[in-house]
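One structure is given here, and the rest of the page talks about it.
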Amino acid sequence: MTGEPETFDRQHKRLMEEIEAEMRATASYTGRTSLSKRVLEAVARVPRYRFVPDGSQAAAYVNAPLSIGHGQTISQPYIVAMMTEMLDLDEDSIVLEVGTGSAYLAAILAELVKRLYTIEIVEPLARQAAEKLKSLGYENVEVRFGDGYNGWPEHAPFDAIMVTATGDEIPPPLVSQLRPGGRMILPLGRPYSFQKLVLVEKTPQGEIRQRDVLPVAFVPLRRLRDEEE
Ligand code: SAH
């Protein structure tokens, strides 16, 4: 929380307590009673107020999603923290994120891993995200405009994949770009209707295991027609 204005600093500390309380409350779904020290510190370090639109900053540390324009949202802090926790990342991890959005989650992931590749389908958001991450000094992140359904084959395989928009299937290109032993977390289900967060693991032998974590609400995973990309 270094360098944050004092009011934000206090609110950020309270938010961390709320995230921890929600981790305890959802432990029977997630299997995790708390955040690991590394994830806790990363979430505490990233200044969320820098990722919300001007005018919404008073709500930056409320444990809720916020609109960022273009019909898109910055995810709820608890969801971001919990999804990150479920991936068991370390400083050698190479990670793919689909749905850069505000780049808030990207910044948290960048704090934790060796290299992050992140794809956003709304071009102005991709551009703003790249600028924001650069201005905050993150040098281990590459942002690309495009359809994340197809993954980023040039940089595969990934140790972990995080998808923050919901669709009705696990995109097969993402499954094939996951390293054996790797993990992917994504929402599945219809937008504005029932969705569940799903954890996918590829065993070292290449088998796919998946389990439902908990009910969630995400914006839709959209598709680009090939000629637009
Ligand atoms: N991770 C973001 C959450 C953003 S909401 C955060 O921390 O704030 C989900 C984002 O996914 C939106 O910005 C949306 O435009 C984007 N998206 C939807 N479908 C996509 C696709 N097929 N490929 C890449 N991005 C996509």
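For region 43-99, how big is the tail of P(r) above 19 Å, as a whole percent of Cα pairs?
36 percent
Treating only the Cβ atoms of Lys and Arg (+1) and Asp and Glu (-1) as charged, compute the dipole magnitude of the chain about its Cα centre; round to the nearest 20 debye.
440 debye
Averaging sequence separations of C-alpha pairs under 8 Å and six or more residues apart, then dividing by the length of region 7-78, give the relative contact order as a whole percent.
It rounds to 29 percent for region 7-78.
As a check on your grasp of the helix formula, calculate [θ] at 222 nm for the chain: sum -39500 (n - 2.57) over DSSP H runs of n ≥ 4, divide by the residue count, round to the nearest 500.
It lands at -9000 deg cm²/dmol.
Binning at 10 Å from 0, report for the chain what percent of all alpha-carbon pair distances ends up in each bin.
Percent of pairs per bin, in order: 8, 35, 41, 15, 2, 0.
Mind checking which aspartates and glutamates have their C-alpha under 20 Å from K13, skipping anything on the same chain fewer than 8 residues away?
Partners within reach: E4, E22, E41, E85, E111.
Using the count of nearby Cβ atoms within 10 Å as a rough guide to exposure, how do H12, H70 rank from fewest to most?
With the fewest neighbours first, H12, H70 line up as H70, H12.
Collect residues whose amide H, placed 1.01 Å from N in the peptide plane, falls under 5 Å from the amide H of L66; neighbours closer than 5 in sequence don't count.
I74
What is the sum of charges, Lys and Arg at +1 and Asp and Glu at -1, for the other residues whose Cβ falls under 12 Å from the Cβ of T7?
Summing Lys/Arg as +1 and Asp/Glu as -1 gives 0.
Restricting attention to the alpha-carbon atoms of region 171-217, what are Rg (one decimal) and Dmax (integer), both in Å?
Calculated on Cα positions, Rg and Dmax stand at 11.5, 36 Å.
Picking from P65, P53, L112, whose Cα lies most toward the positive end of the charge dipole for the chain (charges on Cβ: Lys, Arg +1; Asp, Glu -1)?
Result: P65.
Could you please report the charge total around Q76, scoring K, R as +1 and D, E as -1 over all other residues with beta-carbon less than 12 angstrom from its beta-carbon?
With Lys, Arg at +1 and Asp, Glu at -1, the net is -1.
What is the fewest-to-most order of V62, V213 by other Cβ atoms lying within 10 Å of their Cβ?
By the 10 Å Cβ count, ascending: V62, V213.
Give the residue from I185, F158, V175 lying farthest towards the positive end of the charge dipole for the chain; charges sit on Cβ (+1 for Lys and Arg, -1 for Asp and Glu) and the dipole is referred to the Cα centre.
I185
Based only on Cα atoms, what mean projected area does the convex hull of region 1-88 have, in nm²?
If I average the Cα hull's projected area over directions, I get 5.9 nm².
What's the local net charge at Y117, with K and R +1, D and E -1, over the other residues with C-beta under 10 Å away?
The answer is -1.
Mind checking the dipole of region 1-89: about its Cα centre, +1 per Lys or Arg Cβ, -1 per Asp or Glu Cβ, Debye to the nearest 20?
100 debye
To the nearest Å, what is the center-to-center distance of region 71-129 and region 24-51, using C-alpha atoms only?
Taking the Cα centre of region 24-51 as reference, the centre of region 71-129 is 14 Å away.
Highest first, please rank the peptides 166-175, 141-150 by the mean number of other Cβ atoms sitting within 10 Å of their residues.
Those peptides, ordered most packed to least, come out 141-150, 166-175.
Divide the volume of the convex hull of the Cα atoms of region 48-163 by its number of residues and quote the answer in cubic angstrom per residue.
Once divided by residue count, the hull of region 48-163 is 94 Å³.
Each label point is 7 Å from the Cα along the Cα-to-Cβ direction; what then is the distance between the points at A27 and S67, in nm?
Rounded to a tenth, the inter-label distance reads 3.8 nm.
Amide H to amide H under 5 Å from V113: which residues, 5+ apart in sequence or cross-chain, H placed 1.01 Å off N in plane?
Amide H to amide H, under 5 Å and 5 or more residues apart or across chains, V113 pairs with nothing.
Read-outs throughout are calculated quantities, based only on the coordinates presented, and are distinct from any laboratory measurement. All values derive from a computational prediction rather than experimental measurement. Note: ideal-geometry Cβ built from the backbone for every residue, glycine included; neighbour counts use all protein chains shown.
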